[in-house]
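Please read the structure below before turning to the comments.
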Amino acid sequence: MRKEIKYFLMLHVFPPLIYVFLIFLKITSRIEHVNREPVRDMWGKGENIIACFWHGRLLMMPFANERGKGKVLISRHRDGEFIARVMKFFRLGTIRGSYRKGSIASLREIVLDLKNGFDIAITPDGPKGPRYVVKRGIVELAKLTGKAIVPISYSAGKKKIFNPGTASLFHILFQKCYFSMEPRSLLAKTLTWKS
């Protein structure tokens, strides 16, 4: 019974509350973007990207979706369903899948969405880790589609670790928050993987 109540709260009550909290966090923050122009130029030319960021930086990433046409790769587990429901409030689509044996599940759907002009967001270290270690699936995806990988991150002067186990980070209210996009977008077709 307790698990059912917890699951109900996680799927139906918490997502809108998290959305409201994140909007309030954005309103009370001074957000500054670093190295964004090269990515904007790509969007201006009609190009889309594979955005990647560490799992611990997931919280504020909906605000990096400036273009407004993106989908996020999210696991099929219950935690993934919770995140997917939060993403809907930001008008972000989701692809339900995960990294398995070093490759990306739901590959066909991801490739189709990239062909249809969507930006695809992936956490290359995944929810299960190891933390800050890139899995090879995202490199294989870039080579297959020819799309550039654009690393994204954010930080703030004052911040806290939300979940020590995953190093999930959120910044304190009324702080300056920096979003950074890697300007030297990787040339997908020349990528190689070294294990």
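Mind scanning LYS147/LYS176; LYS45/LYS143; LYS88/LYS143; LYS45/LYS88; LYS45/LYS135; LYS71/LYS176 and naming the pairs with a C-alpha gap bigger than 22 Å?
Details: LYS147/LYS176 31 Å; LYS45/LYS143 20 Å; LYS88/LYS143 29 Å; LYS45/LYS88 27 Å; LYS45/LYS135 29 Å; LYS71/LYS176 27 Å.
Those over the limit are LYS147/LYS176; LYS88/LYS143; LYS45/LYS88; LYS45/LYS135; LYS71/LYS176.
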Exercise. How far apart, in nm, are the 7 Å Cα→Cβ label points at GLU4 and ASP79?
Worked result: 2.5
Problem set entry | Table column - 3J(HN,Hα) (Hz), the range 147-155, Karplus curve with 6.51, -1.76, 1.60, x for Gly and Pro | 8, 7, 8, 10, x, 10, 8, 8, 7
Exercise. For the pair GLU66 and SER106, how long in nm is the line joining their label points, each one 7 Å along Cα→Cβ?
Worked result: 2.6
For this session: Take VAL39, VAL20 and order them by how many other Cβ atoms sit within 10 Å, fewest up front.
Result: VAL20, VAL39
Exercise. Can you list the trypsin sites (Lys or Arg not before Pro) in the range 102-157 that are in a DSSP coil and have 14 or fewer other beta carbons within 10 angstrom?
Worked result: LYS128, ARG131
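How would you rank ILE49, ILE149, ILE23, going from fewest to most other Cβ atoms within 10 Å of each one's own Cβ? Display every interim value, and only then the final one.
Values: ILE49 24, ILE149 21, ILE23 14.
So the residues, fewest neighbours to most, are ILE23, ILE149, ILE49.
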Exercise. Which aspartates and glutamates have a Cα less than 18 Å from the Cα of LYS6, not counting those fewer than 8 places away in the same chain?
Worked result: ASP79, GLU81
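Since every read-out is calculated from the coordinates, none of them should be taken as a lab result. Everything numeric in this text was worked out from a predicted model, so none of it was measured. Here Cβ is always computed from backbone atoms with ideal geometry, including for glycine, and neighbour counts include all displayed protein chains.
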